[in-house]
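*Asks:* Structure incoming, see below.
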Amino acid sequence: MSEETMLQHAARVRHQELLSSTGVKVCGIAAALLPFCIGAFLMIRGAETFFVFGHSLTEFLTSGVWQPSDSIEGGGQVGAAMFISGSVVICFLALVLALPVSLAAAIYMTEIAQPSTRRKVQPLIELFTGIPSVIYGWIGLTVLIPLLRKIFPMPFGFSVLAASIVLAVMIFPVITMMASDAMMAVPNSWRDAAYGLGATRWETIRTVVIPAAKTGIFTGIVLGLARALGEALAVAMVVGQMKKFPTSLFLPATTMTTVIASDMGSAMEGGEYNAALWTLAFLLFALSFILIFIIHMVGKDKLKEA
């Protein structure tokens with residue numbers, strides 16, 4: 001191969017490497033900017049409720065009167081407190097139901113089960129994450145709601161309790177796998193030291209493993225909460241979508257996601273109702289962003305401690 005040919009080949013290689021690195025950088029920057037672009041778009045559309053139609057943030061967050069006008073003139077009321085409280089109550093109850101089961105499953109997989117058993121159980125739990133939301137909602141609609149009507153004095157079956165149970169099943173694998181990975185990361189030497197001091201298996205789990213894995217467990221809880229907060233389809237199928245405050249576990253209610261999913265298609269573009277729904281969407285985005293920010297702050301504090 002002549003020297004000129006070698007130089008041409010080297011130039012082509014450098015050109016290809018430059019194109020590849022540039023493409024990777026562009027894709028990386030675009031992926032990093034995409035959430036901020038989505039947030040900016042939601043903020044611009046959601047701000048119309050306050051700057052175009054003249055509603056206050058206090059009214060939106062604290063009022064329970066949801067009667068927005070479907071015209072561009074406005075004049076309605078956009079109190080979203082019932083949707084916000086419905087989302088908070090249902091997500092909190094789902095977390096209360098899922099957390100003990102998730103921690104128990106994670107402890108079993110990491111501290112009690114044999115490796116062969118763990119290899120069988122873990123894929124089964126991971127399988128839950130791949131099930132579509134509509135399947136959860138359909139099973140809740142056809143199995144859970146009739147069962148709840150038989151067990152509890154419920155007039156409809158569609159209720160806050162039904163939505164919380166469905167969400168608990170959906171976030172169970174997220175919390176379980178995050179907690180399991182965090183417990184697996186605890187060095188075995190720490191367990192051996194606890195056993196050497198006379199601790200039992202459960203004392204070691206309670207005083208060594210769980211405190212050492214608390215950051216990963218908390219991360220799983222926040223990620224599970226974020227998924228529960230953003231779930232719409234499965235919740236809409238079992239919650240009843242009654243626009244009222246969640247006054248009882250056995251009565252229907254609604255959430256921010258369900259009202260957006262059910263009403264956005266029928267709201268007139270540019271109208272007050274449409275703007276109010278965009279404001280709800282921005283509120284959901286902001287809450288999810290805050291949860292992710294909390295995860296990063298906890299992880300940063302953990303690195304400083306280390």
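*Asks:* Taking amide H positions as placed in the peptide plane 1.01 Å from N, state which residues far from Val78 in sequence (5 or more) or on other chains have amide H under 5 Å from it.
*Replies:* Gln67
*Asks:* I would also like to ask the following. Between Rg and the Kirkwood Rh of the chain, both from Cα atoms, what is the Rg to Rh ratio?
*Replies:* 1.10
*Asks:* On to the next question. Counting only Cα, what are the radius of gyration and maximum Cα-Cα distance Dmax of region 109-194, in Å?
*Replies:* Taking only Cα atoms of region 109-194, I get Rg and Dmax of 17.8, 56 Å.
*Asks:* Could you tell me which GluC sites (Glu not before Pro) in region 61-170 are loop residues by DSSP with no more than 12 other beta carbons within 10 angstrom of their beta carbon?
*Replies:* Glu73
*Asks:* I would also like to ask the following. What does the extension gain come out to for Ser262 and Thr200, with contour length at 0.36 nm per residue minus their alpha carbon separation?
*Replies:* Taking Ser262 through Thr200 to full extension adds about 17.0 nm, to one decimal.
*Asks:* Can you name the helices of the chain, as whole DSSP H runs, whose Cα span along the helix axis is 20 Å or more and whose Kyte-Doolittle mean is not below -1.0?
*Replies:* Span-like helices in the chain: 3-46, 81-107, 115-129, 160-184, 214-230, 272-305.
*Asks:* Next question. How long are the three semi-axes of the equivalent ellipsoid of region 19-95, in whole Å, if each is the root of 5 times an eigenvalue of the C-alpha gyration tensor, listed from largest down?
*Replies:* Output for region 19-95: semi-axes of 36, 20, 8 Å.
*Asks:* Could you check the simple spin-label distance between Asp70 and Val121, using points 7 Å along Cα→Cβ, in nm with one decimal?
*Replies:* Here the modelled spin labels are 5.2 nm apart.
*Asks:* Just the Cα atoms of region 210-306: what Rg and Dmax do they give in Å?
*Replies:* 17.4, 54
*Asks:* Under the classification rounded if a/c is under 1.5, otherwise prolate if a/b is larger than b/c and oblate if not, where does region 1-139 fall, given a ≥ b ≥ c as square roots of the Cα gyration tensor eigenvalues?
*Replies:* Working: a/c = 3.93, a/b = 1.28, b/c = 3.07.
Oblate, because a/c is 1.5 or more while a/b does not exceed b/c.
*Asks:* Okay, next question. If you put +1 on each Lys and Arg Cβ and -1 on each Asp and Glu Cβ, how big is the dipole of the chain around its Cα centre, in Debye rounded to 20?
*Replies:* Result for the chain is approximately 1020 debye, rounded to the nearest 20.
*Asks:* Right, next: Just check region 152-203 against the gyration tensor rule for me: Cα atoms, a ≥ b ≥ c as the square roots of the eigenvalues, rounded for a/c under 1.5, and otherwise prolate or oblate depending on whether a/b exceeds b/c.
*Replies:* Here region 152-203 falls in the oblate category.
*Asks:* Which chymotrypsin sites (Phe, Trp or Tyr not before Pro) does region 99-189 hold that lie in a coil by DSSP with at most 15 other beta carbons within 10 Å?
*Replies:* Within region 99-189, the qualifying chymotrypsin sites (Phe, Trp or Tyr not before Pro) (loop, at most 15 other Cβ atoms within 10 Å) are Phe156.
Bear in mind that the values in this text are calculations on the coordinates, not laboratory data. Keep in mind that what you see is a predicted model, and the values were worked out from it rather than measured. For neighbour counting, all protein chains shown are included, and Cβ atoms are generated from backbone atoms with ideal geometry for every residue, glycine included.
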